[in-house]
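Peer 1: My questions will all concern the structure given below.
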Amino acid sequence: MTTTTTTTTTGEDLHTQCFINGEWTGADSGATNAVINPATDEELAQVPDCGRAETKRAIEAAATAFPKWRDRPAEERAALLRRFAELMHRDLDRLARIMTLEQGKPLKESKGEIKYAASFLEWAAGEAVRIYGETIPASTTNKRLLALKQPVGVCATITPWNFPSAMITRKIGPALAAGCTVVSKPAEATPLSAFALAALAREAGFPDGTINIITGDAKTISEEIFDNPFIRKVSFTGSTEVGRILMRQGAQNLLRLSLELGGHAPFIIFDDADVDAAVEGAIASKFRNAGQTCICANRFYVQERIAESFMKKFEAAIRKLRVGNGLEDGIDIGPLINDDAMEKVERHIADAKDKSAAIRCGGERMMLDCLANRFYTPTLIAGMTPDMLCATEETFGPVAPIALFKTEDEAVHLANDSPFGLAAYFYTRDASRAWRVSEALEYGIVGLNDGGPSTAQAPFGGVKHSGFGREGGHFVMHEYLETKYVSWGV
Ligand code: ADP
């Protein structure tokens, strides 16, 4: 008998097993992988290292559960989703602590994420009861034409570590609302938040097999997902590199895909902007989750006339950010997720320095007593040039590089001069410019005088190498629904 829970040194009870067909389950081989607290290097738990056989069982459980779940009245599916969300609110503090322990983000951000994650379930509950088909006027009197909306079937989700709960609920909420069943693979670094969600789903009363969570080697699990004929849809959030692999794998069974991939968000401040609001938006957009979100501002463009005034205020705000263990009060920036993340940030900084950028603040690791060596000082770089790494790829760390521009056309050109197209931000008080630039930016999301555009009711997703598909609002529902045409002779 394997143990299904463990308790951390800080007193949190953790579920540590996969959730398949309503049962807590280990790997067939008994193999496990460690989950580490990135702030302290403390081992939090060992979680199952499952392979193809366990993944197959999870998919088969979801396939068996599917017809019953699909045929339940939408009101009942909605009620279960609402109950699931209520339980997340009830356990907000506990879930937030688990998230901070395994992911590192400050507790206040973890609490924010749990509420945000629950909001996708609440929104999906509302959508479940509004899945309307259509009747279509026929060309002859002896026919009636109908378009029915039906769930696609068993869905797999593959999610990253930067939003350990919200990326899961943003996918499984609408999938379950549509009548699909799901197999979810969380990121290796953050399985504990996913298991905690599974426990609440079980308590809410979701039938066995409707929600399954599996951990182990990503490549092996994904091979089963992509080969298994029961899987009809895969929704992925992660890197562009892995997105490309999945798109190739999806060709075999012609799988429906949603791919929410990397970003490289520009943040433009025009000289008619409210500079204080722009600074506030820039801090929110750049430094949330230590700069580790796919819509984080990655490069700043400031119009010359206000450049120094913006930079002074931005620098002052950056210097106020407190770095440390996210479990402590008043912390704004936690650790980076792992050593590779630190290596990337340091590579970007070294490259910027080599190319004569000026480090206005930060630019080095921060050594904190008794903590892992994964904290980076919030950094402001002046003099970014287009050939710098920070100007061409996602840094995924607390680093804000700034370049100046003269004209609106130049700013739009700089912003669009990237293969990525997830989020872009700009600040202006000119209404005509607001329209022009919103339309000109080749991005799926535009924050206009807004550094935090994500919300459950709005469409989230990218263009170009940032992927395709939309999550949020009613927009996500068609990702999990098929349209069936019935031509009825009468
Ligand atoms: P990140 O840089 O955010 O870790 P990844 O794309 O590497 O982005 O990871 C996002 C998710 O994709 C994680 O759940 C990870 O385990 C999974 N993943 C990584 N490589 C593969 C792969 N070859 N096939 C399927 N999933 C993968």
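Peer 1: With the condition being over 30 Å from Gly179 (Cα atoms), I'd like the strands (runs of 3 or more DSSP E) fully within region 391-490 carrying at least 2 qualifying residues.
Peer 2: Hits in region 391-490: 399-405, 423-427, 445-448.
Peer 1: Related question: Give the residues of region 86-104 that are among the basic types (Lys, Arg), closer than 21 Å to Arg322 by Cβ and either surrounded by fewer than 17 Cβ atoms within 10 Å (Cβ to Cβ) or touching a strand residue (DSSP E or B) at 6+ places or on another chain (Cβ under 9 Å) (or both), sorted by residue number.
Peer 2: Within region 86-104, no residue meets the criteria.
Peer 1: Among the residues of region 337-354, is any in contact with a Ser or Thr (Cβ under 7 Å, 6 or more places away or on another chain), assigned to a loop (DSSP other than H, G, I, E, B) and either within 30 Å of Arg470 (Cα to Cα) or of a type outside the set (A, V, I, L, M, F, W, C) (or both)?
Peer 2: Scanning region 337-354 turns up no residue that is in contact with a Ser or Thr (Cβ under 7 Å, 6 or more places away or on another chain), assigned to a loop (DSSP other than H, G, I, E, B) and either within 30 Å of Arg470 (Cα to Cα) or of a type outside the set (A, V, I, L, M, F, W, C) (or both).
Peer 1: Oh, and also: What are the pairs with Cβ atoms under 6 angstrom where one residue, in region 227-239, is in contact (Cβ under 8 Å) with a residue 24 or more places away in the chain and the other, located anywhere, is in a loop (DSSP other than H, G, I, E, B) and buried (at least 24 other Cβ atoms within 10 Å of the Cβ)? Sequence gap at least six, or different chains.
Peer 2: Thr237/Thr159
Peer 1: Closer than 30 Å to Arg433 by Cβ, of a type in the set (A, V, I, L, M, F, W, C) and either at pLDDT 95 or above or within 16 Å of the ligand (Cβ to nearest atom) (or both): is that true of Ala382 in this structure?
Peer 2: yes
Peer 1: Moving to a separate point now. Can you confirm whether Ala198 is away from the ligand (no atom under 13 Å from the Cβ), within 22 Å of the chain's Cα centre (by Cα) and within 26 Å of Glu482 (Cα to Cα)?
Peer 2: no
For (1) under 22 Å from Glu76 (Cβ atoms); (2) modelled with pLDDT under 95; (3) within 14 Å of the ligand (Cβ to nearest atom), each residue gets a yes or a no:
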site: Arg130; (1), (2), (3): yes, no, no
site: Ile136; (1), (2), (3): no, no, no
site: Lys171; (1), (2), (3): yes, no, yes
site: Val183; (1), (2), (3): yes, no, yes
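Peer 1: Could you list, in sequence order, all residues of region 18-62 that are more than 26 Å from the chain's Cα centre (by Cα), more than 19 Å from Leu197 (Cβ to Cβ) and of a type outside the set (Ser, Thr, Tyr)?
Peer 2: Residues satisfying the conditions are Ala27, Asp28, Gly30, Ala31, Ala53, Arg57, Glu60.
Peer 1: Additional query: For region 336-353, which positions are among the charged types (D, E, K, R) and away from the ligand (no atom under 16 Å from the Cβ)?
Peer 2: Result: Glu346, Asp351, Lys353.
Peer 1: Which condition breaks for Gly334 when tested against (1) touching a residue at least 12 places away in the same chain (Cβ under 8 Å); (2) surrounded by fewer than 23 Cβ atoms within 10 Å (Cβ to Cβ); (3) within 27 Å of Thr190 (Cα to Cα)?
Peer 2: Just one mismatch for Gly334, condition (2).
Let's see how each residue does on (1) among the aliphatic types (A, V, I, L, M); (2) in contact with a Leu (Cβ under 7 Å, 6 or more places away or on another chain):
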| residue | (1), (2) |
| --- | --- |
| Thr379 | no, no |
| Thr385 | no, no |
| Thr392 | no, no |
| Gly397 | no, yes |
| Glu410 | no, no |
| Asn416 | no, yes |
| Pro419 | no, no |
| Ala423 | yes, no |
| Tyr427 | no, no |
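Peer 1: Something else now. Of a type in the set (Ser, Thr, Tyr) and surrounded by 20 or more Cβ atoms within 10 Å (Cβ to Cβ): does that describe Thr215?
Peer 2: Against the criterion (of a type in the set (Ser, Thr, Tyr) and surrounded by 20 or more Cβ atoms within 10 Å (Cβ to Cβ)), Thr215 qualifies.
Peer 1: Another one. Given the residues Ser110, Ser119, which is the only one that is crowded, with 22+ Cβ neighbours inside 10 Å, in a helix (DSSP H, G or I) and out of contact with any Lys or Arg (no Cβ under 6 Å at 6 or more places or on another chain)?
Peer 2: Ser110
Peer 1: Looking at region 440-488, which of its residues are buried (at least 17 other Cβ atoms within 10 Å of the Cβ), of a type in the set (Gly, Ala, Ser) and in contact (Cβ under 8 Å) with a residue 40 or more places away in the chain?
Peer 2: Gly447, Gly451, Ser454, Ala456, Gly461, Gly462, Ser466, Gly467, Gly469, Gly472
Peer 1: Mind checking whether some residue in region 366-389 is assigned to a loop (DSSP other than H, G, I, E, B) and under 18 Å from the mean Cα position of the chain (by Cα)?
Peer 2: no
Peer 1: Enumerate the pairs (first residue in region 242-265 and more than 21 Å from Cys390 (Cα to Cα) and more than 10 Å from the ligand (Cβ to nearest atom); second residue anywhere and in a strand (DSSP E or B) and among the basic types (Lys, Arg)) with beta-carbon separation below 9 Å, excluding pairs fewer than 6 apart on the same chain, so at least 6 apart or on different chains.
Peer 2: Gly250/Arg256; Asn253/Arg232; Leu255/Arg232; Leu255/Lys233; Arg256/Arg232; Arg256/Lys233; Leu257/Lys233; Ser258/Lys233
Peer 1: Could I ask something else about it? Of all residues in region 63-99, which are under 20 Å from Val182 (Cα atoms), in contact (Cβ under 8 Å) with a residue 12 or more places away in the chain and not in a helix (DSSP H, G or I)?
Peer 2: Answer for region 63-99, where residues must be under 20 Å from Val182 (Cα atoms), in contact (Cβ under 8 Å) with a residue 12 or more places away in the chain and not in a helix (DSSP H, G or I): just Arg72.
Peer 1: Here's something else I'd like to know. What is the number of the single condition among (1) more than 16 Å from the ligand (Cβ to nearest atom); (2) in contact with a helix residue (DSSP H, G or I) (Cβ under 9 Å, 6 or more places away or on another chain) that Ser356 does not meet?
Peer 2: The failed condition is (2).
The values are calculated or read from the model by the stated rules, or taken from the named source; none is laboratory data. Here the structure is a predicted model, which means the values were calculated and not measured. Glycine gets a Cβ as well: all are built from the backbone with ideal geometry, and neighbour counts include every protein chain shown.
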